[in-house]
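Enquirer: Shown below is the structure under consideration.
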Ligand code: TYD
Ligand code: MG
């Protein structure tokens, strides 16, 4: 064995003898990180191995006629937290590996300790921590009221010893907190380096498949929001969950970025309390709590997160710029989408936005990816520029086209029902949606064909009810 410094692409895992600005393997920029690997002195000719496997029909893994394939039957274990189960597609699948990633301090260890306890009621759980001592874990567990039945704790970072312990304990669920602390002593680089993370994750994946165990790997996220070390980890596991939220605020959102066993549209909402994470079954109410009343620049919208309608509030601030190029800052709305809406308002309504800085924020740290929130963004912007409030009991739903037309959205009925449930009296909706089908809801619908019609909906100086 000989130690060698190599540069590994954190996107695709390709190796290079020297540093380069761009990975020639996948084309990513600035993705190469230094790593130390041990090379066998004389490597077997890889080309010869490939040639052999291309010609010989070895083993018993032959092609199967499609008609003989069977539908998979997944055995799922509910974690006991319905918000998490919703994101997982109904619970943890036996033999699967889930990556839970999020910024430090967001609540990953808390969530996992809570589900360890609930799962412990009918499964054997092994919680492996490379970050905290047994005492620290116990302190948290006591705070969470964990009973600890069927729960074993292992504070170890050596993968060889961990695998041995898994064989001894024979758990159904293994939690690894975090993958960046685990190392393989046969690999020269330090724990957390790309090669280490990839190799140790692979060891857990193989263990999950061979022993039919559910494994949850915790992955830390770095400043850029990508999982530190290799992004390739995301390709290796069966499901990737992101735990998001503002650390200063109490709500947390779990989102599936990838899920081989379910949809990736669903989100789970939690609130961090003194006794751990509590599920938020009605997130709209939480997001609307403490809304400013009769203030310009705010507009409510209803977004669909999977099968669940969620009311969010968009805030806009448009103010005269002091810069040669005006600032555009967007939190929770895609930046390019914001630019598009600004261009439509400028061109179609003749609004002078190029002389103004524009700030957009979605309350609650929510991210709205749906074009159905366009109309609410436009209304918040117009409201701020004109300094005229959107009525507090009005919600706007619709996509904007480049000509300023208001386009139909999916699931309108669910959205307006949720708005009605939360006490909204007026819903601005696309005319195209109502053209085909009438919608019954306890709310006044104001259907519009284009952006030109929304100006009249803003309150003048005194607050007044809009005309349907
Ligand atoms: P933690 O689960 O350690 O975060 P992570 O594993 O993602 O780094 O917890 C993060 C924060 O949550 C910590 O600052 C303390 C807070 N917290 C509570 O507010 N209530 C609780 O019951 C617990 C256990 C933690
Ligand atoms: Mg932690």
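Enquirer: So how many residues does region 121-134 have that are away from ligand 1 (no atom under 16 Å from the Cβ) and modelled with pLDDT of 90 or more?
Expert: First, the residues of region 121-134 that are away from ligand 1 (no atom under 16 Å from the Cβ): 121-126.
Narrowing the set further to residues that are modelled with pLDDT of 90 or more leaves 123-126.
Here the count works out to 4.
Enquirer: Between a residue in region 91-118 that is assigned by TED's automatic domain parsing to the domain that holds residue 273 and closer than 13 Å to residue 244 by Cα and any residue that is part of a helix (DSSP H, G or I) and more than 9 Å from ligand 2 (Cβ to nearest atom), which pairs come within a Cβ distance under 8 Å, given they are 6 or more apart or on different chains?
Expert: 100/111; 111/84
Enquirer: Check whether at least one residue in region 142-150 is away from ligand 2 (no atom under 16 Å from the Cβ) and closer than 29 Å to residue 231 by Cα, and report yes or no. Let's see the steps before the verdict.
Expert: Our first condition is that a residue be away from ligand 2 (no atom under 16 Å from the Cβ); within region 142-150, this holds for 142, 145, 147-150.
After this cut, where a residue has to be closer than 29 Å to residue 231 by Cα as well, the list is none.
Looking through region 142-150, none of the residues is away from ligand 2 (no atom under 16 Å from the Cβ) and closer than 29 Å to residue 231 by Cα.
Enquirer: Are any residues in region 256-268 more than 14 Å from residue 279 (Cα to Cα) and part of a strand (DSSP E or B), and if so, which ones?
Expert: 256, 257, 258, 259 - these are the residues of region 256-268 that are more than 14 Å from residue 279 (Cα to Cα) and part of a strand (DSSP E or B).
Enquirer: Looking at (1) in contact with a helix residue (DSSP H, G or I) (Cβ under 9 Å, 6 or more places away or on another chain); (2) assigned to a strand (DSSP E or B), which one does residue 192 not meet, given that it meets all the others?
Expert: Among (1) in contact with a helix residue (DSSP H, G or I) (Cβ under 9 Å, 6 or more places away or on another chain); (2) assigned to a strand (DSSP E or B), the lone unmet condition for residue 192 is (2).
Enquirer: Still on this structure, please answer the following. Looking at this structure, is residue 69 outside the structural domain of residue 264 (by TED's automatic domain parsing) and away from ligand 2 (no atom under 16 Å from the Cβ)?
Expert: Working: outside the structural domain of residue 264 (by TED's automatic domain parsing): yes; away from ligand 2 (no atom under 16 Å from the Cβ): yes.
So residue 69 fits the description; yes.
Enquirer: Determine whether residue 141 is buried (at least 23 other Cβ atoms within 10 Å of the Cβ) and either assigned by TED's automatic domain parsing to the domain that holds residue 13 or not in a loop (DSSP other than H, G, I, E, B) (or both). If you could, list the steps in order and put the result at the bottom.
Expert: Numbers: buried (at least 23 other Cβ atoms within 10 Å of the Cβ): no; either assigned by TED's automatic domain parsing to the domain that holds residue 13 or not in a loop (DSSP other than H, G, I, E, B) (or both): yes.
Criteria not met by residue 141.
Enquirer: Are there strands (runs of 3 or more DSSP E) fully within region 271-365 with at least 2 residues that are without any contact (Cβ under 8 Å) to a residue 60 or more places away in the chain? List them.
Expert: Strands (runs of 3 or more DSSP E) meeting the threshold: 308-320, 328-331, 356-362.
Enquirer: Being more than 13 Å from ligand 2 (Cβ to nearest atom), over 25 Å from residue 268 (Cβ atoms), without any contact (Cβ under 8 Å) to a residue 60 or more places away in the chain and not in a helix (DSSP H, G or I) is true for just one of 153, 162. Which residue is that?
Expert: Values: 162 fails: not in a helix (DSSP H, G or I).
It is 153.
Enquirer: Hey, could you check region 95-117 for residues that are touching a helix residue (DSSP H, G or I) at 6+ places or on another chain (Cβ under 8 Å) and farther than 13 Å from residue 179 by Cα and say which is nearest to ligand 1 (Cβ to nearest atom)?
Expert: Step by step, filter region 95-117, then rank; the result is 110.
Enquirer: Restricted to region 89-135, and to residues that are near ligand 2 (Cβ under 10 Å from one of its atoms) and part of a helix (DSSP H, G or I), which residue is farthest from the chain's Cα centre (by Cα)?
Expert: Result: 113.
Enquirer: Look at residue 90 and say whether it is more than 16 Å from ligand 1 (Cβ to nearest atom), closer than 26 Å to residue 183 by Cβ and surrounded by 13 or more Cβ atoms within 10 Å (Cβ to Cβ).
Expert: Considered against the rule, which asks whether it is more than 16 Å from ligand 1 (Cβ to nearest atom), closer than 26 Å to residue 183 by Cβ and surrounded by 13 or more Cβ atoms within 10 Å (Cβ to Cβ), residue 90 comes out as no.
Enquirer: Determine whether residue 413 is at pLDDT 90 or above and outside any strand (DSSP E or B). Spell out the reasoning first.
Expert: Values: at pLDDT 90 or above: yes; outside any strand (DSSP E or B): yes.
It is true that residue 413 is at pLDDT 90 or above and outside any strand (DSSP E or B).
The values are calculated or read from the model by the stated rules, or taken from the named source; none is laboratory data. What you see is a predicted model; the values in this text were computed from it and never measured. Glycine gets a Cβ as well: all are built from the backbone with ideal geometry, and neighbour counts include every protein chain shown.
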